[in-house]
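Down below is the structure, laid out as C-alpha cells.
Only the coordinates and a few stated rules stand behind these numbers; no lab work does. Since we're looking at a predicted model, the values are computed, not measured. Please note: Cβ atoms are built from the backbone with ideal geometry, for glycine as well, and neighbour counts cover all protein chains shown.
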Amino acid sequence: MTSSTFHREANPCGRIFCIGKNYTEHIRELSGVVPEEPVVFIKPWSSLVAPEETVKIPRHGSQLHHEVEVVFKIGAEGQGIPESEAFDYIDGVTLGLDLTLRDVQSRLKKSGYPWELAKAFEQSAPLGEYVPLQKIRDPQNLDFSCSVNGQVRQKGNTAEMIFSLPKLVSFLSSVWCLRPGDLIFTGTPSGVGILGSGDSATIASPEIGEFSWQFK
Ligand code: ZN
C-alpha cells in the first residue's frame, strides 16, 4: 500500500474543502476582489499525494502553480457549529499544496464556469503528515512557507487569514455536515508561481514540519 492510498483510505467520506481568496496580498497579485463570504471549492479525496511521491505535471494547461496552505483535519461530526466551538471539531493540522493550473483557471473564471479542471485534477493535492492540534501553540499564529529548488517563494502566517479558522468551520458547517477526516485547505498567501518538470517543492512550518515533492 502506498502512502497516498493510506491518505485516501483514512477517510471514507472523502471531502477536501478548499478556501480561495483568503489572504489579501494573494488576492492583490491575481487582481481579485476581497470576497464577502468564504470562496469554497472541493477537491476529490483521490487527488491527495503523500510526501516524497512524484507529481506528474498535468498536460491540459501550461501554468501549474504552487499554493502552500495550512490544512486542518476535522475530528468530530458537526453541523451548525458556532465559531466559539470550532476548535472542538479539529483534531489535526498539516500543510498542503493546492496545485492550480492558473491559465485554465483564468479561462474558466472569464466564462463563469466551475474551477474543477484547474483545481481538482489528478494529484492536485499534495499533503503532509498530520500533527495533533494540541501540539500547536496557536493555530491562528502559524508561520509557513513554500520553497522551490531551495528558494523561498511564499511566506505566510495564519493570523493574516481574512476568514479565520473558526469562521470557516462555522460557515462550512452551515452548508455541510462536517465529518471526521474531512480536510480544510485554508487559502494561500502571495508569491504563487510556476512549477516545471524537474522542480522540487518544499513546504514547511516550524511546529508542523517539512514536506517535499518532486515534479516531472
Ligand atoms: Zn488555494
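Any idea which of (1) of a type in the set (Gly, Ala, Ser); (2) crowded, with 19+ Cβ neighbours inside 10 Å; (3) without any contact (Cβ under 8 Å) to a residue 24 or more places away in the chain is the one residue 198 doesn't satisfy?
Failed condition: (2).
Just for the stretch 64-75: of the residues that are farther than 19 Å from residue 22 by Cα and not in a loop (DSSP other than H, G, I, E, B), which one is nearest to the ligand (Cβ to nearest atom)?
The residue in question is 64.
Consider the stretch 76-126. How many of its residues are within 16 Å of the ligand (Cβ to nearest atom) and either assigned to a strand (DSSP E or B) or of a type in the set (Phe, Trp, Tyr) (or both)?
Residues meeting the conditions: 10.
Taking the options 32, 61, name whichever one is within 13 Å of the ligand (Cβ to nearest atom), in a loop (DSSP other than H, G, I, E, B) and not charged (D, E, K, R).
Details: 61 fails: within 13 Å of the ligand (Cβ to nearest atom).
Residue meeting the stated conditions: 32.
If residue 77 satisfies every condition in (1) touching a Pro at 6+ places or on another chain (Cβ under 7 Å); (2) surrounded by 15 or more Cβ atoms within 10 Å (Cβ to Cβ); (3) acidic (Asp, Glu) but one, which is the exception?
Single failed check for residue 77: (2).
State whether one or more residues within the stretch 138-152 are touching a residue at least 60 places away in the same chain (Cβ under 8 Å), touching a helix residue (DSSP H, G or I) at 6+ places or on another chain (Cβ under 8 Å) and in a helix (DSSP H, G or I).
Within the stretch 138-152, the subset touching a residue at least 60 places away in the same chain (Cβ under 8 Å) is 139, 142-146, 148.
Now drop any that are not touching a helix residue (DSSP H, G or I) at 6+ places or on another chain (Cβ under 8 Å), which leaves 139, 142, 144.
In the following step, the residues that additionally are in a helix (DSSP H, G or I) were identified as none.
Checked the stretch 138-152: no residue is touching a residue at least 60 places away in the same chain (Cβ under 8 Å), touching a helix residue (DSSP H, G or I) at 6+ places or on another chain (Cβ under 8 Å) and in a helix (DSSP H, G or I).
Going by what's in this entry, would residue 175 be described as surrounded by 21 or more Cβ atoms within 10 Å (Cβ to Cβ), more than 16 Å from the ligand (Cβ to nearest atom), within 20 Å of residue 40 (Cβ to Cβ) and not aromatic (Phe, Trp, Tyr)?
Values: surrounded by 21 or more Cβ atoms within 10 Å (Cβ to Cβ): no; more than 16 Å from the ligand (Cβ to nearest atom): yes; within 20 Å of residue 40 (Cβ to Cβ): yes; not aromatic (Phe, Trp, Tyr): yes.
Here the answer is no, as residue 175 does not meet what is asked.
Specify the residue that is nearest to the ligand (Cβ to nearest atom); the eligible residues are those in the stretch 178-211 that are under 12 Å from the mean Cα position of the chain (by Cα) and in a strand (DSSP E or B).
Looking at the filtered set, the residue picked out is 185.
Mind listing just one residue for me: the one in the stretch 111-149 that is over 16 Å from the mean Cα position of the chain (by Cα) and among the aliphatic types (A, V, I, L, M) and, of those, nearest to residue 74 (Cα to Cα)?
The qualifying residue nearest to residue 74 (Cα to Cα) is 133.
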